[in-house]
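Report on one structure; see the data block that follows.
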Amino acid sequence: MKKIILFIVIFLIVALGIFTKVYLSAVKPVNTAEEKAVKLAKEKGQLNEVEDFHIFHGTETVNVIEGSNKKGEKVIVWIPEKSKKVFVDKPKNGISKEEAIQALLKETDPEEIVSVKLGMEKNIPLWEIYYRSDNNLINYYYVHFKTGEMLKKIENL
């Protein structure tokens, strides 16, 4: 009986070690991208403190950082991965997440809104709304960050 318990404990320790190694390997590229993007934004003097970071995968990959500048003002920084050009704007100069959702709701009645995040395509800042419609179909709705106008829809995937 002691051998079985010892075997189970050793198995669980090895399984936990393997899981940890796989997890750390999986998040390493995201952490590396975040470090590089934050460093670039800080070097350009556009960012002082980071509140949120995510990677937007549209027609191109864009790192999006939300935080504050040296004056304490809220800022959003978009850094396209290929060009490394830094785009900066203040949230007050665009529409909010809630306003982007309202733009979607004017056009359609989603079953479930899965996520709403900032992104950029062709150097145009935008809100990407990922939602599910009837029959659990996947849809994307892109709203211009500045104007609130619909830029593009991808439906029924």
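Here are the numbers:
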item: Per-residue Cβ neighbour rank within 10 angstrom, fewest leading, 83, 133; result: 83, 133
item: Histogram of C-alpha separations across the stretch 94-154, 10 Å bin width, %; result: 25, 58, 16, 1
item: Which of 150, 1 has the fewest Cβ neighbours within 10 Å, and the rest in rising order; result: 1, 150
item: The stretch 47-62 residues near the modelled residue 108 label - backbone nitrogen below 19 Å, point 7 Å along Cα→Cβ; result: 57-59
item: Part-to-part distance (alpha-carbon centres) for the stretch 72-95 and the stretch 100-157, which is given in Å; result: 20 Å
item: Stretchable slack from residue 134 to residue 92, in nm (0.36 nm times residue separation minus alpha-carbon distance); result: 11.7 nm
item: Low-density loop cleavage sites - GluC sites (Glu not before Pro) in the stretch 41-119, where at most 15 other Cβ are within 10 Å (DSSP); result: 60, 73, 81, 111
item: Mean projection area, nm², convex hull over Cα of the stretch 2-91; result: 8.3 nm²
item: Interatomic Cα distance distribution for the chain, bins of 5 angstrom, percent; result: 2, 8, 15, 15, 14, 12, 10, 7, 5, 4, 3, 2, 1, 0
item: Helix 2-43 vs. the chain, principal-axis angle (Cα, 0 to 90°, nearest 10); result: 30 degrees
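Computed from the coordinates by the stated procedures, all read-outs in this text should not be read as laboratory data. Computed from a predicted model, the values in this text were never measured in an experiment. Positions of Cβ are backbone-derived with ideal geometry, glycine not excepted, and every protein chain shown enters the neighbour counts.
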